[in-house]
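The values are calculated or read from the model by the stated rules, or taken from the named source; none is laboratory data. From a predicted model like this one, the values you see are computed outputs, not experimental measurements. Cβ placement follows ideal geometry from the backbone for every residue including glycine, while neighbour counts extend to all protein chains displayed.
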């Protein structure tokens, strides 16, 4: 399994779910996006994560998109499927439905809105991992979920044989350093594009990236430079810093509003998104367009 043999590293895209103007999933655009990423060196894909609007699609759509993506990729790179929910029972149900598709792994976000304590989150992730036939990655993004999985809870969860890593979107490098130094044989993936270089410099293995939706080749390049036997951190930092306007401005409105608008501007997808998400405000569009020019995306 990719997540168990150390191959799930480098630039991993948190892929958007392309949609038509009426909000229906655009499967042809999904095919095109995935081929573009594979050709550009993206090392793995997260499908139906939070960037993929997983909370806004039906269960049938979730499974359909996962199935389509796995078929398109055809084992050329690892594919991880999002399975997060505020409800443990719902997350388990989804995992059981997707197990038969044989994904390379699952990514499970902390239970949003309900704000469980640490013991509740440990129980939640343990139960989901029990139900999964594939390795599970924890996903901590307290800025969006209003609950924060602390380091001691992650260390406890790492004892579960089916929990193999974490996507850390806290942006707290001090916390990351402490955890990386504490755990061995565990995958450490940044979920915060703006601090991803520093995260990898601390010993992280890669980034599950929103920016990679727009700049797959350059994200892959700097990540690979960091993973080389003799890392070229200066060159990696130069490439990374060249994308900083995107790292900083793809979150000026709720993700994935900015990145989907930018992809539509590049004619990679149509301008479809699910309510209650809408197209970005005019002022936001101007900021994103400027960031795209500054990062030499256009």
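Quick one: is residue 203 outside any loop (DSSP other than H, G, I, E, B) and either surrounded by fewer than 16 Cβ atoms within 10 Å (Cβ to Cβ) or more than 17 Å from the chain's Cα centre (by Cα) (or both)? Considered against the rule, which asks whether it is outside any loop (DSSP other than H, G, I, E, B) and either surrounded by fewer than 16 Cβ atoms within 10 Å (Cβ to Cβ) or more than 17 Å from the chain's Cα centre (by Cα) (or both), residue 203 comes out as no.
Taken over the stretch 56-70, the criterion of being touching a residue at least 40 places away in the same chain (Cβ under 8 Å) and either more than 18 Å from the chain's Cα centre (by Cα) or not in a loop (DSSP other than H, G, I, E, B) (or both) is satisfied by 56, 65, 68, 69. Here the condition is being touching a helix residue (DSSP H, G or I) at 6+ places or on another chain (Cβ under 6 Å), under 29 Å from residue 3 (Cα atoms) and without any contact (Cβ under 8 Å) to a residue 12 or more places away in the chain; of 232, 228, it holds for 232 alone.
Here is a yes/no grid of residues against (1) in a helix (DSSP H, G or I); (2) under 23 Å from residue 268 (Cβ atoms); (3) out of contact with any helix residue (DSSP H, G or I) (no Cβ under 9 Å at 6 or more places or on another chain):
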| position | (1), (2), (3) |
| --- | --- |
| 5 | no, no, yes |
| 13 | no, yes, no |
| 16 | no, yes, no |
| 32 | yes, yes, yes |
| 72 | yes, yes, no |
| 91 | yes, no, no |
| 103 | no, no, no |
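Residues checked against (1) within 11 Å of residue 199 (Cβ to Cβ); (2) buried (at least 22 other Cβ atoms within 10 Å of the Cβ):
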| position | (1), (2) |
| --- | --- |
| 136 | no, yes |
| 149 | no, yes |
| 165 | no, yes |
| 172 | yes, no |
| 176 | yes, yes |
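Within the stretch 270-293, residues that are farther than 18 Å from residue 210 by Cβ have Cβ atoms under 7 Å from residues that are at pLDDT below 95 in these pairs: 270/21, counting only partners at least 6 apart in sequence or on another chain. Kindly indicate whether residue 254 is surrounded by fewer than 19 Cβ atoms within 10 Å (Cβ to Cβ) and in contact (Cβ under 8 Å) with a residue 40 or more places away in the chain. No: the conditions fail for residue 254. Selection over the stretch 74-89 of residues that are part of a loop (DSSP other than H, G, I, E, B), in contact with a strand residue (DSSP E or B) (Cβ under 6 Å, 6 or more places away or on another chain) and either surrounded by fewer than 17 Cβ atoms within 10 Å (Cβ to Cβ) or modelled with pLDDT of 95 or more (or both) gives a count of 3.
Would you confirm whether any residue within the stretch 215-223 is modelled with pLDDT of 95 or more, surrounded by fewer than 22 Cβ atoms within 10 Å (Cβ to Cβ), out of contact with any strand residue (DSSP E or B) (no Cβ under 6 Å at 6 or more places or on another chain) and more than 16 Å from residue 51 (Cα to Cα)? Taking every residue of the stretch 215-223 in turn, at least one turns out to be modelled with pLDDT of 95 or more, surrounded by fewer than 22 Cβ atoms within 10 Å (Cβ to Cβ), out of contact with any strand residue (DSSP E or B) (no Cβ under 6 Å at 6 or more places or on another chain) and more than 16 Å from residue 51 (Cα to Cα).
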